[in-house]
Structures are given as C-alpha cells and as structure tokens.
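Novice: Below are the structure tokens for one structure; questions will follow.
The values are calculated or read from the model by the stated rules, or taken from the named source; none is laboratory data. Given the structure is predicted, the values throughout are model-derived calculations rather than measurements. Quick reminder, even Gly has a Cβ in these numbers, built from the backbone with ideal geometry, and neighbours come from all protein chains shown.
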C-alpha cells in the first residue's frame with residue numbers, strides 16, 4: 001500500500017504523538033509499504049528522509065508542541081496523486097488534518113483518523129478558558145471530524161467519547177504500543193544508575209516516585225504535587241521526580257521552595273526520550289492524577305520498566321492498570337496518597353506489582369499496533385466507499 005500520514009507534530013519534536021506516528025511509519029515500511037508523512041516545518045531542522053513533506057507553520061499555543069500549518073491544497077493533491085496514495089491517515093484534527101481530508105476527497109480515497117488528545121481538557125489555554133467552553137469545543141470537534149471514514153480510538157475512554165460525538169462514524173479500538181528495543185536500546189548499567197543518583201542527589205535507600213509528562217494544568221500536576229507532600233512527610237527517604245516541562249513548572253518550583261522540599265521534590269525539565277528509561281529504572285512507583293489522557297505512552301513505558309502504577313480512576317488506564325495486580329486506580333487524590341504510602345511500606349507487594357507491570361506491558365508492543373493498523377487499512381480500502389457501515393460495531397481489530 002501507499003499511505004499518507006498527516007500530523008501536526010513530528011521530528012525533531014518528541015512526545016507521545018510523534019513516537020506513535022514515527023513507529024507506525026517505520027513499522028509499515030518494514031512490512032514493505034510506502035509511507036509519506038505530511039508535517040509542519042520546524043525551524044532549523046532539515047529532514048534526511050525524502051518521504052517527509054513539510055509545510056510552513058507557526059506554533060499552535062495550546063500548551064502542546066502541535067503547530068498550525070499553512071498549505072496550498074493543489075500542490076499537495078498533485079504530490080499525493082503522483083505517489084499513488086491508497087489511504088490517508090490523519091493524526092490531527094487541525095489544519096493539516098483538514099488538508100488530509102480535502103486531499104482524500106479530491107483523490108476519492110478513504111481517510112481514517114487517530115485521536116491522540118482530549119482537546120476539551122485544553123480549553124483553558126484559549127483566553128484562560130473564558131472564550132471556548134467544553135460544549136463549544138465538542139461542536140468544533142464534530143465539524144472537524146465530519147466525513148472521516150473511520151476513527152481509531154486508542155482506549156475504551158476515547159471510543160465512548162467519540163461515539164457520543166459521531167454516532168454514525170465507525171470507531172475501532174487499537175491500543176498504543178512502544179517499540180521496546182528502541183525505547184531501551186541497551187540494559188541500564190550500574191554506573192549509569194549511580195550517575196543519575198549523584199546528579200539528583202538521591203541516596204541508595206531512597207524510594208523514588210515518578211511522573212513523566214507535560215507540567216500543565218490539564219495533567220492535574222498541581223494536584224499530584226499536593227498529594228505527594230504528605231507522603232514525603234509521613235515516610236522516610238521518599239523522593240518525587242517530575243519529568244517534563246510545561247506552563248506551570250515555575251509555579252511548582254516556587255511552591256516546593258516555600259515548603260522547604262527542594263531536596264525531596266525534583267523537577268528535571270525536558271529530558272530526551274532516549275534517556276527517559278534510565279529515570280524510570282531508578283524509580284519505584286509511577287504516579288499520576290491526570291484525568292485528561294487518551295492512552296498514555298508514558299504509562300506503557302513505565303510498565304516496560306517494571307514500575308507499579310498508582311493513578312486516578314479513568315477509562316484511559318483500564319487496560320494498563322489492573323487494580324491490585326500491578327497497581328491501583330483510586331477515586332480521589334487523598335486515596336492516591338494513602339495507596340502510595342501503603343505500597344511503599346510493603347516491599348513484597350511492590351516487587352509483585354513490578355513483575356506484573358512488565359508482564360502487562362508485553363501486550364502493548366509497536367509491532368502489534370502496526371499489524372492492527374495495517375489490518376484496518378485493508379478493511380477500510382476494501383469497504384470504501386459504500387460499505388463502511390459494516391465497521392459500526394464493537395469489534396477490536398486483531
């Protein structure tokens with residue numbers, strides 16, 4: 001097949017969306033398919049891959065790395081026609097996604113869409129949430145996704161959400177996956193662990209809690225901070241590492257200073273994806289209070305690195321956190337605090353949850369994700385344009 005992936009976020013930017021698109025491209029190419037990526041230009045970055053088609057852009061400004069691209073439809077249509085594209089796969093609802101939709105219509109080929117973000121949880125970035133309400137954002141989203149032939153939902157949560165918005169659009173669940181060999185290219189050496197501990201002033205007997213993600217309001221990082229403070233005060237040798245950057249980072253750094261917790265709470269800022277697995281490996285528990293996820297790649301990464309998970313109850317986590325087996329899903333931030341303390345004080349259960357997390361992570365490999373997407377492509381192409389309603393069911397692509 002000849003496939004065109006449309007995304008508003010790609011290399012050299014590093015986040016979950018980029019990882020997903022990049023792994024999909026590489027996986028499909030390894031199976032003999034030709035894959036084109038349509039993506040925004042990034043200042044001072046030049047592609048080595050000739051199959052990347054870049055568009056002029058500006059940063060979108062929603063607390064994410066997504067960019068708003070400007071395009072001329074005619075040249076893109078001609079480019080895709082020359083490449084004999086069989087199917088368009090969009091990974092964004094915004095300008096580049098709309099470009100992909102127009103191209104598919106002009107070329108009379110199907111378009112599918114993967115939803116990566118719960119955009120209604122980001123309305124606070126637009127005039128502090130005073131201009132765009134959640135109900136308005138849903139109406140906009142319905143319009144942006146109109147005429148999509150099939151939606152890929154990475155989780156049960158995403159499927160339920162989009163079924164409400166677009167009841168007549170086929171929605172198939174395909175979970176995210178991680179290329180585990182690429183994520184952990186070599187085993188973590190003892191010297192690397194010692195270096196990390198030295199860099200962040202961590203002692204050998206410290207118990208490490210970790211969160212990896214954007215330090216933003218929509219991730220409820222402030223609430224996570226507040227839930228961790230009593231853990232640090234009630235337990236010995238417990239440290240918290242926040243990995244990532246974002247709009248409320250400076251406020252939280254100020255807050256930890258005011259609470260005299262500079263040695264106990266660590267903010268790393270941006271860390272290259274290639275190095276993050278080392279931080280997971282020196283940690284004991286992955287924690288999050290976020291309720292805005294679709295199917296977080298960071299949680300899959302944590303499971304690969306044998307970390308128990310404690311998170312707020314949310315449908316996006318249901319397949320990643322098996323309650324009482326590799327972690328806990330809790331109904332309040334205060335319960336999260338209690339569960340962290342409980343697990344830190346139970347070495348046997350901590351070890352048991354650790355092994356179970358790794359076992360669960362094996363269901364979320366990039367190869368499996370690529371195979372399921374490839375299978376869906378074939379089904380959609382075969383059913384296009386008149387029989388796509390046959391995908392209106394609850395079947396998981398396998």
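Novice: Do the conditions hold for residue 58, that is, is it assigned to a strand (DSSP E or B) and closer than 30 Å to residue 219 by Cβ?
Specialist: Criteria met by residue 58.
Novice: Would you call residue 98 at pLDDT below 95 and in a helix (DSSP H, G or I)?
Specialist: no
Novice: Condition (residue is under 30 Å from residue 168 (Cβ atoms) and modelled with pLDDT under 95) applied to segment 368-382: is it met by at least one residue?
Specialist: no
Novice: Quick check: is even one residue across segment 302-316 closer than 18 Å to residue 156 by Cβ and loosely packed, with under 14 Cβ neighbours inside 10 Å?
Specialist: no
Novice: Then there is this: When you check residue 69 against the structure, is it surrounded by 20 or more Cβ atoms within 10 Å (Cβ to Cβ), in contact with a helix residue (DSSP H, G or I) (Cβ under 6 Å, 6 or more places away or on another chain) and farther than 30 Å from residue 368 by Cβ, yes or no?
Specialist: Yes, satisfied.
Novice: Of the residues 142, 151, which single one is outside any helix (DSSP H, G or I) and either outside the structural domain of residue 384 (by TED's automatic domain parsing) or in contact with a helix residue (DSSP H, G or I) (Cβ under 8 Å, 6 or more places away or on another chain) (or both)?
Specialist: None of the others qualify; the one that does is 151.
Novice: May I ask you to say which residue of 13, 3 is touching a helix residue (DSSP H, G or I) at 6+ places or on another chain (Cβ under 7 Å) and in contact (Cβ under 8 Å) with a residue 24 or more places away in the chain?
Specialist: Of the residues listed, the single one that is touching a helix residue (DSSP H, G or I) at 6+ places or on another chain (Cβ under 7 Å) and in contact (Cβ under 8 Å) with a residue 24 or more places away in the chain is 3.
Novice: Further question on the same structure: Identify, by number, the condition in (1) surrounded by fewer than 18 Cβ atoms within 10 Å (Cβ to Cβ); (2) over 21 Å from residue 340 (Cα atoms) that residue 237 doesn't meet.
Specialist: Failed condition: (2).
Novice: Of the conditions (1) part of a loop (DSSP other than H, G, I, E, B); (2) modelled with pLDDT of 95 or more; (3) under 20 Å from residue 318 (Cα atoms), residue 117 satisfies every one except a single condition; which number is it?
Specialist: (2)
Novice: Just a yes or no: is a residue in segment 10-28 assigned by TED's automatic domain parsing to the domain that holds residue 383 and part of a strand (DSSP E or B)?
Specialist: Checked segment 10-28: no residue is assigned by TED's automatic domain parsing to the domain that holds residue 383 and part of a strand (DSSP E or B).
Novice: Exactly one condition in (1) within 30 Å of residue 264 (Cβ to Cβ); (2) assigned by TED's automatic domain parsing to the domain that holds residue 218; (3) out of contact with any strand residue (DSSP E or B) (no Cβ under 6 Å at 6 or more places or on another chain) is not met by residue 121; state its number.
Specialist: Every listed condition holds for residue 121 apart from (2).
Novice: With 115, 133 as the choices, which residue is crowded, with 22+ Cβ neighbours inside 10 Å and either within 20 Å of the chain's Cα centre (by Cα) or at negative phi (or both)?
Specialist: 115 is the lone residue from the list that is crowded, with 22+ Cβ neighbours inside 10 Å and either within 20 Å of the chain's Cα centre (by Cα) or at negative phi (or both).
Novice: Hey, which of the helices (runs of 4 or more DSSP H) in segment 157-251, taking only ones fully inside, have at least 2 residues that are touching a strand residue (DSSP E or B) at 6+ places or on another chain (Cβ under 8 Å), over 30 Å from residue 378 (Cβ atoms) and in contact (Cβ under 8 Å) with a residue 40 or more places away in the chain?
Specialist: The qualifying helices (runs of 4 or more DSSP H) are 221-234.
Novice: Okay, moving on. Across segment 252-279, what is the total count of residues that are assigned to a loop (DSSP other than H, G, I, E, B), in contact with a helix residue (DSSP H, G or I) (Cβ under 9 Å, 6 or more places away or on another chain) and modelled with pLDDT under 95?
Specialist: Matching residues across segment 252-279 total 1.
Novice: Residue 254 is checked against (1) free of Cβ contacts under 8 Å to residues at least 12 places away in the same chain; (2) under 19 Å from the mean Cα position of the chain (by Cα) and fails just one. What number does that condition carry?
Specialist: Only one criterion is unmet by residue 254, namely (2).
Novice: While we're looking at this one, here's another question. What number goes with the only condition from (1) crowded, with 22+ Cβ neighbours inside 10 Å; (2) over 20 Å from the mean Cα position of the chain (by Cα) that residue 204 does not pass?
Specialist: Checking residue 204 against (1) crowded, with 22+ Cβ neighbours inside 10 Å; (2) over 20 Å from the mean Cα position of the chain (by Cα), the one that fails is (1).
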